[in-house]
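Since the structure comes first, as structure tokens, the remarks are kept for the end.
Rule-based calculations on the coordinates, nothing more; no lab input. Everything quoted here is computed from the prediction, not taken from an experiment. Glycine also receives a Cβ, built like all others from the backbone with ideal geometry; neighbour counts cover every protein chain displayed.
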There are 2 protein chains.
Amino acid sequence: MPSPSPKPPISPAAGEFGARVRARREAMGLSQEALAHEGGFHWTFLGQVERGQRNLSLHNILKIAEALDVDPGELVTGLR
Amino acid sequence: MPSPSPKPPISPAAGEFGARVRARREAMGLSQEALAHEGGFHWTFLGQVERGQRNLSLHNILKIAEALDVDPGELVTGLR
């Protein structure tokens with residue numbers, strides 16, 4: 001049975017935010033599980049963020065930025 | 001009867017975010033009502049954001065940044 005096609009991002013901004021998180025995570029050589037553990041959130045939440053499925057809160061943006069060791073501004077700059 | 005003392009921000013980050021929104025709004029010479037109208041949200045929501053009472057979502061961060069004509073990165077850079 002073919003796997004269901006991935007749901008589209010909830011918005012272009014959420015999609016771009018997630019792509020930035022994934023790119024930075026992969027550049028650090030971390031798995032979703034490792035980054036989720038580092039940030040203190042569940043890996044399924046992180047997977048949803050990376051797929052643009054989450055309109056996440058300010059506090060979660062800051063938690064993810066801290067776990068990725070980037071300034072939170074870098075994750076949202078230019079988004080509309 | 002003395003007015004109740006203002007509630008503290010829900011977090012240092014929410015407090016700083018709100019202060020940045022207020023500073024930029026005032027620099028533009030806009031009232032809360034005018035900025036709320038510009039951004040398409042209720043002025044009471046904006047007041048809560050400015051007082052650091054909201055852990056607002058990514059989409060609302062972008063809506064506020066757009067109404068303030070600033071890059072959203074400027075509103076969150078350096079927050080922890």
Matching option when the condition is under 23 Å from A:Q53 (Cα atoms) and surrounded by fewer than 18 Cβ atoms within 10 Å (Cβ to Cβ), among B:H37, B:H59, B:H42: B:H59
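Among the residues of the range A:14-24, is any at the interface with chain B (Cβ under 8 Å from one of its Cβ atoms) and touching a residue at least 12 places away in the same chain (Cβ under 8 Å)?
Within the range A:14-24, the subset at the interface with chain B (Cβ under 8 Å from one of its Cβ atoms) is A:14, A:17.
Remaining after also requiring touching a residue at least 12 places away in the same chain (Cβ under 8 Å): A:14, A:17.
Checked the range A:14-24: at least one residue is at the interface with chain B (Cβ under 8 Å from one of its Cβ atoms) and touching a residue at least 12 places away in the same chain (Cβ under 8 Å).
Return yes or no: is B:S31 more than 24 Å from A:S11 (Cβ to Cβ), polar (S, T, N, Q) and over 13 Å from the mean Cα position of the chain (by Cα)? Step through it out loud before you land on a result.
Numbers: more than 24 Å from A:S11 (Cβ to Cβ): yes; polar (S, T, N, Q): yes; over 13 Å from the mean Cα position of the chain (by Cα): no.
For B:S31, the condition - more than 24 Å from A:S11 (Cβ to Cβ), polar (S, T, N, Q) and over 13 Å from the mean Cα position of the chain (by Cα) - is not met.
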